[in-house]
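Structure record follows, encoded as structure tokens.
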Ligand code: C5P
């Protein structure tokens, strides 16, 4: 019996807080952000290939391009070079995380590829090396190596793992069309940003207690709402559903709201039917950490 593929499931993320402190000399923006894993999952199945080729298949077909620009293939090529591997891999990616929606789907896939390929190719790469490769692939990629809740600074890649948040549930309204993160940041007028960093949220990071939800904000939201009015309409719809918090995730266009339990999230979702709501839990670290699992072959 031939062994089955190595399977890595990767969750999405939302930013419960995203402060932009300013533009950096390298063109990126300096952030302070609270990232949390969310139970909407992509899945990667990895098969070894002896001849050294790297191949990606995507399901549903066309959900994202399966070419060399896909972060999964970029991760694979980068890892193969860094680890001096001669073998290849065939990777089948099943997409469920909305694409270009600020939920980190492409970044999650890239992190899962790194973790899966390290196992498939029997690399002894240390955690710090995986983190460095992840940061080269994208600002959100290292978070998925940490999982749970984490505080991000710098480009978003300087991460501090945090204790799990309460078992809250989310309703997410994916955007109608993908939004380019680069486009959002280039449209952001840094001069109009609030001068004062949120001391309240930072105090919670250092002091613990309850997350001060009323201080959570996303500094990209006004720019995205101004350019993509449909996002503003979704935000209006989701506000007023008895939520704890409602905001844009990352650079959008997914908007989400937080509820204290699953029943309340489903009740809110039933009122948001036309917007194609997803209902998902926030995930603790134990559930969301990427791990390869070998399935039984046929
Ligand atoms: O790091 P990543 O490639 O995912 O970022 C995509 C784009 O988002 C960058 O090219 C940059 O324009 C913008 N960005 C930024 N500051 C960050 C993260 C991303 O300006 N901290």
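Tabulated results
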read-out: Identity of the residue in the range 131-151, buried (at least 21 other Cβ atoms within 10 Å of the Cβ) and in a helix (DSSP H, G or I), that ends up farthest from the ligand (Cβ to nearest atom); value: 146
read-out: Unique residue being in contact with a helix residue (DSSP H, G or I) (Cβ under 9 Å, 6 or more places away or on another chain), more than 21 Å from residue 52 (Cβ to Cβ) and either touching a residue at least 60 places away in the same chain (Cβ under 8 Å) or not in a helix (DSSP H, G or I) (or both) when the list is 108, 113; value: 108
read-out: Residue list for the range 262-285, filter: in contact (Cβ under 8 Å) with a residue 60 or more places away in the chain and assigned to a loop (DSSP other than H, G, I, E, B); value: 272, 276, 277, 283, 284
read-out: Within the range 1-73, strands (runs of 3 or more DSSP E) holding 2 or more residues that are within 16 Å of the ligand (Cβ to nearest atom) and modelled with pLDDT of 95 or more; value: 6-23, 29-49
read-out: Residue satisfying condition, being under 30 Å from residue 232 (Cβ atoms), crowded, with 23+ Cβ neighbours inside 10 Å and more than 10 Å from the ligand (Cβ to nearest atom), within set 172, 117, 193; value: 172
read-out: Restricting the range 152-169 to residues that are surrounded by fewer than 22 Cβ atoms within 10 Å (Cβ to Cβ), within 11 Å of the ligand (Cβ to nearest atom) and at negative phi, the residue that is nearest to the chain's Cα centre (by Cα); value: 157
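The values are calculated or read from the model by the stated rules, or taken from the named source; none is laboratory data. Fair warning: this is a prediction, and the values are worked out from it, not measured in the lab. All Cβ positions, even for glycine, are placed from backbone atoms using ideal geometry, and neighbour counts span all protein chains on display.
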